[in-house]
Every structure is written in C-alpha cells, then in structure tokens.
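Before any comments, here is the structure.
Every read-out reported here was derived from the displayed coordinates using simple, explicitly stated rules and does not represent laboratory data. Fair warning: this is a prediction, and the values are worked out from it, not measured in the lab. Cβ sites come from the backbone with ideal geometry, for glycine too, and all protein chains shown count toward neighbours.
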Amino acid sequence: MVDEMDCALQTKALLPRVARLMKLFGTDGIRGKANEDPITPEMALRTGRAIAAIMGHASDSSKRVVIGKDTRVSGTMLEYALASGLASAGFEVLLAGVIPTPAIAYLTVAEACTAGVMITASHNPYEDNGWKIFGSDGYKLNDELEEQMEDWLLAPSTQETLDCQKSVGRITPLTDAADRYIQHLTQAAGSLSLQGLSMVIDAGNGAGYQVAAEIFRRLGAEVIVQQDQPNGTNINDRCGALHPQVAAALVVEHGADLGLSLDGDADRAIFTDAQGQPVSGDRIMALIALALKQRGELRGDAIAVTVMSNLGLHAAMKNAGIRVITTAVGDRHVIEALREHRHSFGGENSGHLIFADHATTGDGILSALQVLRLLKESGQSLQQLANCMEEYPQQLKSFAVPAKPALESLGGFSALLDEADAALGDHGRQLIRYSGTENKARVMVEHRDPGIVAHWTEKLSAALLEAIEESLAPK
C-alpha cells in the first residue's frame, strides 16, 4: 500500500502496525541459516522447479535463467542445487558467478531470461544465505507471484506437475558477466570523469569486491580498496555497510573525498564524508533529489521512501516543492511506487537507492557514481552537500524475539503504543515492526527532543519483549 504525503509530520498512521507474514518469503526474498530449513539444497532445487512451473508457461518465456551469488561458502552448494532444479525442468541456466545483485537484475533483461536469481543473504553473517528472484523485466517478484511461489514450494512433492524426464537443460558459465556489468555502469556514467577525486571502498568481502574498484578506476578516480579478500567466511565480518567506521578511518588516514561501504551483495551503499563522519541514507536521498530537481530530471517532482525515513527528509522535500510517497519497508515497495507513479528516484534510509532511469533495483555502485557526480558538478564536499536537511533525533533498536505475534494481539502493549503516540504528539512518531529477514523486532522512535526519543525507545523495547514472552507462557 502506498500513501502520498503532503505534510512532513503525517507519518504515524501510514500503514497497519502488522502486515501478513509469509512462511518463506521475507522483506527481500527467502533467507535463513545455510543448510537449515528452508535454506537447503533440497529447497533450492525445488525453487528452481517452482520458477519453471510458475514463470515458464508464459508464451514469451525463453526458458532461460541467470544465477549469481555472493562470496559465502554455501553459495556454490545452493547455486548447483538451484541450477539442477531448473535444468531438470528443461531450462537453460547461465551461471554468472560472484557478482552484485543489481548485475543479475541487469543480466536478466540483457540475456532475455525468464527469471534471474541472486544467492545472497545481503548484510547478514556468512552462516546465513538465501535467494532473491527477479522477473523477466528485471524487477523483484510482486506479492502475488511470491505467494504463488510459496504455495508451490510448501505443497507436498507429490503435487509437482513437471515432467522432468522429457528434457534436460544445459548449465553454462556466463564468463563475461562481470565485464558486461562494468560496461553497463560506465555507459550509465556517460561523460563523467572522476579525475581529481579520491575514495575509499570497503567491499565487505562481498559480491562487489572485484567490480566496484574497477568501475571507479576506469572513470579516473583514485581508489583505495579494503576488505576485498573474501574467503567464504569473512563476508560482512566487522566490515561493509554495517560497519562504516572501517572506511571512515581510512578516509581520514588517506585524505580521501569520501568513503563507500558496500553490503554483502552490493545493492546498497553507506557513505562517509571527508571528515570520517557517516552520512545517513536520508541525507543522501535529499541531496540527490534536490540535484535531480534542479536539472529537471526528477519526474513528477516526487520521490518514494519508506516509513523508516526521517521526518527531517519530509520537511526538506516539502520546502523544496518535492512530494514524498511513503511505502512499507523494503526497496521492492519503493520500486513498485516509482513504477506506479512513473517517478524516477527513491530509496531507503538503509542505503538502497533506486535510479529508475538506469536500474530496476538498488545498486550501491550506481549510487556512488551519482554522489561522485554531484561532488564534481558542485565543487562542494559531501559534508557541505549533506547539510541540505535537518535530521530529527531518531533511535532505532533491533533485538531478537522468540516469536512474532501480531502487535494487536498484545493487549497491554497496544495500549502503551497509544500512550506513546499521545506523548510524541505532532513533533514525533514511533514505528514498531518485525524484521522480514531475521527473528528480530525493530523499535524506532523519532522526536525533536532526544531525551524523549531515548525514553520511549527503551520503554517500548522492554515492554514489547515482555509482552511477547508473556504471550508464549502456558495459560
């Protein structure tokens, strides 16, 4: 559901407090502990057959699928199982190897594939894995297709209707996949020259460890790369998008213009300015939106963001005459809003940025190219550009939970939410949600007064965990 905002403070009642939870698909595909249900070779094989059964019947289906992966040790195991499931259904399979998620979205279209699959658990530790599925248009599956896929995967195997004896598809390495993605992004950069700019890249020992530095060097930037020696178990290990301090220290040490921290599949980016200070995703979205509007490239003078974006972003956009469309958490929902309204830019505070004229999903490297373009065009530092908005004090607390009951079922806690809303008034808000990829709850509180933020974050977090535990106690 998408809600168009006219006021910076109308965010409390944007969405229901709890959305329906699916058993397999989360916020971004299927994810969990590798070699434990559902992230097993058996489920990967069934996923391949499910793709064939559900997406292979269209009259224009090429019966071809491209598969990529990040650097996790379990990636190859799942890649082979998924490819086997597809090949057993007569599909041709292209193996792109270790490559960023947005490269798979691009190659799905470039190779006229029925689907693309990225094997990754994004920012999660190496023990986790999963897969994201793209349709033939390069976009992530919508809710309806995910529901069909989940129903098929959870049905007893005797209900499978594929005749796997009729034909066997070929499995072929796509050896030029990385080069084609690099060429795609350098072409998107146009005449941009990064001569005179220096940057630090923390590749997080993930999927972008090879291609990221190559792209920026081809465009003339001086690049210092760290965390680009993956060994199967060090992806996101005290590095990458969740640890921007790694890049920050190197930025200061080398006197670089900015730092870029990528997550495990390189579909999002966290930036650090020349002083070694992290720049929030909301500030990055604000400075890009203002620049696009000034160039006349912000279609509809609007952007799409999620409910997690800071109230300060809404206020800055309102002052600039830019409308804000707010969606549920997940870059897929942002993309759906951009497509529905035919707008060109949006993203998440977590670092997923969508440039709809160039990509069908979030792309950390493309995002960095756009930020570097602004530094070149304006002659300003990232710190100066990021001062385009004021951020409200905000605190986000994430913690493990033993279950994810509907908040409405936790009677006492629901009453506390009403009390919090009254206390926060028109100058703040609270947002409680369960993670779509982990067994965690997230409590976010925002207000002009940081003391109020700290008080309600702790109070709501403790009360939620207590209410969940009480709901599980024997009656």
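Per-structure values
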| item | result |
| --- | --- |
| Extension gain, Ala249 back to Ser398 (0.36 nm per residue minus Cα-Cα distance, nm) | 51.1 nm |
| With 5 Å bins from 0: P(r) over region 25-176, alpha-carbon pairs, percent | 2, 11, 21, 26, 23, 13, 4, 1, 0 |
| Projected label distance in nm at Gln148 and Thr175, using a 7 Å step from Cα toward the beta-carbon | 3.7 nm |
| C-alpha center-to-center spacing [region 431-475, region 309-355] in angstrom | 25 Å |
| Relative contact order (%) - criterion: Cα under 8 Å, at least six apart; region: the chain | 15 percent |
| Helix-derived mean residue ellipticity, 222 nm - over the chain, DSSP H n ≥ 4, -39500 (n - 2.57), to 500 | -11500 deg cm²/dmol |
| Spin-label pair Ser193/Asp301, simplified geometry with 7 Å Cα→Cβ offset, distance in nm | 3.6 nm |
| Residues with amide H under 5 Å from that of Asp128, placed H, sequence gap 5 or more | Ala34 |
| Highest to lowest packing among 344-353, 466-475, scored as the average C-beta count within 10 Å | 344-353, 466-475 |
| Spin-label pair Arg218/Leu242, simplified geometry with 7 Å Cα→Cβ offset, distance in nm | 3.1 nm |
| Relative contact order, percent, region 393-472 [alpha-carbon distance under 8 Å, six or more residues apart] | 43 percent |
| Positive-end residue, region 143-251 charge dipole about Cα centroid, Cβ charges, pick of Leu153, Pro244, Gln226 | Gln226 |
| Glu458/Ala110 FRET efficiency (R0 35 Å; Cβ-Cβ; nearest 0.05) | 0.10 |
| Other-chain or far-sequence residues with amide H under 5 Å of Lys440's (modelled H) | Val401, Ser435 |
| Percentage relative contact order, region 95-234, counting C-alpha pairs under 8 Å, at least six apart | 23 percent |
| FRET efficiency, 1/(1 + (r/R0)^6) with R0 45 Å, evaluated for Thr76 and Lys475 via beta carbons | 0.45 |
| Note, ³J(HN,Hα) from phi for region 393-401, Karplus 6.51, -1.76, 1.60, rounded to Hz, x at Gly and Pro | x, 9, 10, 10, 10, 10, 8, 5, 10 |
| Shape of region 414-475, Cα gyration tensor, a/c cut at 1.5 | prolate |
